[in-house]
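Please read the structure below before turning to the comments.
We did not get these values from a lab; they are worked out from the coordinates using the rules stated. Remember, predicted model here, so these are calculated numbers, not experimental data. Cβ placement follows ideal geometry from the backbone for every residue including glycine, while neighbour counts extend to all protein chains displayed.
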Amino acid sequence: MKIYLVRHGETGWNRIHKLQGQSDIELNDVGRELAEVTAEGLKDIDFGLIYSSPLNRAYETALILRRDRQQEILTDKRLLEINFGEGEGGPIPRRDEVTSNPIYNFEFDMDNYIPPKGGETFEEIFERTAEFWDEEIMPLEGKYENILIVGHGCMNRTILNRILNRPLDEFWKIKLDNCAVSVIEVKDGRASIEDEGRLYYSRTDERFKPLPGGPEIYG
C-alpha cells in the first residue's frame, strides 16, 4: 500500500509569511495552480481513498487533486495543522530574530517550545496524528493500493518524522514546500518513506517563485 501525503497549495498568508495554524485561510490563485500542476503529476494513480484536513486550504487542494475521480473526500480533525492559539496571524520566526519572536523556539529550539495561549505542543500534535495513522491508515493494508492524504506543513512532518524515528531537534530537516508530495510505503505492517517532498513544479518558474525575504522554513 502506498500513501501519498501532500501539503496544501499556497495561501495568501503563506505568501506574506504569516502563521496560519488552524486559521481557515483559503488557497490563493498560485496555490490553485500549484495544485493543478500536482494533480497532473498524479493523474495516473488510482486512489482508493482520499483524506483531508477539514481546513479549506487542504480540502480545496484535495478537490483539485481528485480531478474526475469519484471518491468521497473524508475529513478528519486529527489532520488539522498545529494550533498556534493567540500566535496565529503573527509572523513566522526567522533565525536572525534570536528570541524576539514569541514562537522562535517552534522552529529553532523545538525541545523548549512553549505554545502561545490556546496553542498545541509538539507532543499533542504528534499524539493525534499518530492516533490517526495507527487507527485509520495502518489497518487498510491489503484493502487499498493507493491512498491520498492532504494536510499541512507541520502536521505532515509529524507523520514523516515518526516513521523516520527522528529526534525533535531534527524535525525541520524535511523540506515541504506547498503541494510537496511524500510517498510512504506500508508493507507487512511496517511503514517506510519512498519519496520525500517531491514537487511537480519548479521554484524557478516565474509563476511559483516565493517572495524574497521570507523565513528559512515554511511551517
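Dipole magnitude for the chain: computed about the Cα centre from +1 point charges on Lys and Arg Cβ and -1 point charges on Asp and Glu Cβ, it is near 340 debye. Converting the Cα gyration tensor eigenvalues of the chain into ellipsoid dimensions via √(5λ) gives semi-axes, longest first, of 26, 21, 15 Å. With each label modelled as a point 7 angstrom along the Cα→C-beta vector, the residue 123-residue 26 pair spans 3.9 nm. Residues whose amide H falls under 5 Å from that of residue 90, counting only those 5 or more places apart or on a different chain, are 19, with hydrogens built in the peptide plane.
Each 5 Å bin from zero up to the one holding the largest Cα-Cα distance in the stretch 71-154 carries the following percent of pairs: 3, 12, 20, 20, 14, 10, 9, 7, 3, 1, 0. By the rule of a C-alpha distance below 28 Å, with chain neighbours fewer than 8 residues away ignored, the lysines paired with residue 117 are 18, 77, 173, 175. Taking Cα atoms only, the orientation of helix 122-132 departs from the longest principal axis of the chain by about 10 degrees. Model label sites at residue 205 and residue 145, defined 7 Å from Cα along the beta-carbon direction, differ in position by 2.7 nm. To the nearest ten degrees, helix 29-41 and the longest principal axis of the Cα atoms of the chain are 30 degrees apart.
In a DSSP loop and with at most 13 other Cβ atoms within 10 Å, the trypsin sites (Lys or Arg not before Pro) in the stretch 138-207 are 143, 175, 203, 207.
Modelled this way, with points 7 Å down the Cα-to-C-beta line, the labels at residue 135 and residue 190 are 2.7 nm from one another.
Shown here for the stretch 63-114: GluC sites (Glu not before Pro) in loop regions (DSSP other than H, G, I, E, B) with at most 15 other Cβ atoms within 10 Å, namely 72.
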